[in-house]
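The values are calculated or read from the model by the stated rules, or taken from the named source; none is laboratory data. Bear in mind that the values here come from a model prediction, so they are computed numbers and not experimental data. FYI the Cβ positions are ideal-geometry reconstructions off the backbone, even for glycines, and counts take in every protein chain you see.
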Amino acid sequence: MERTCVGCRQQSDRANLLRIVEESMILILDERKSLPGRGAWIHPAQECLELAITRRAFIRALKLSGQPDSSGLNFTKEQAETMLANK
Ligand SMILES: [Zn+2]
């Protein structure tokens, strides 16, 4: 199943992307990719995260009214790899 990364806008299999959801205007990682509601898909890369924030892509993808708090999403490469291995 293909999903579009909200950062670089390229399509990838959902197995290669992380799912982000919003709770009270805070972005959180949906580690099991199973939380209800809207989700935004993104590559586990800092570049894609920064692009998504700069382009306000989370606001559009998650239909938010303003810029959410993304400070909890600063994943390192190791963390990202662990997350993807957990699928
Ligand atoms: Zn990307």
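Annotations
- Segment 8-25, residues that are more than 16 Å from the ligand (Cβ to nearest atom) and either at pLDDT below 95 or of a type outside the set (Val, Ile, Thr) (or both): Glu22, Glu23, Ser24, Met25
- For segment 50-73, the count of residues that are of a type in the set (D, E, K, R) and crowded, with 18+ Cβ neighbours inside 10 Å is zero.
- Odd one out for Trp41 among (1) touching a Lys or Arg at 6+ places or on another chain (Cβ under 8 Å); (2) in a loop (DSSP other than H, G, I, E, B): (2)
- Neighbours by Cβ (under 9 Å, 6+ apart or cross-chain): first from segment 7-24, closer than 19 Å to Gln67 by Cα; second of a type in the set (Lys, Arg) and crowded, with 17+ Cβ neighbours inside 10 Å: Arg19/Arg3; Arg19/Lys33
- Tally of residues being modelled with pLDDT under 90, in a loop (DSSP other than H, G, I, E, B) and within 13 Å of the ligand (Cβ to nearest atom) across segment 45-74: 1
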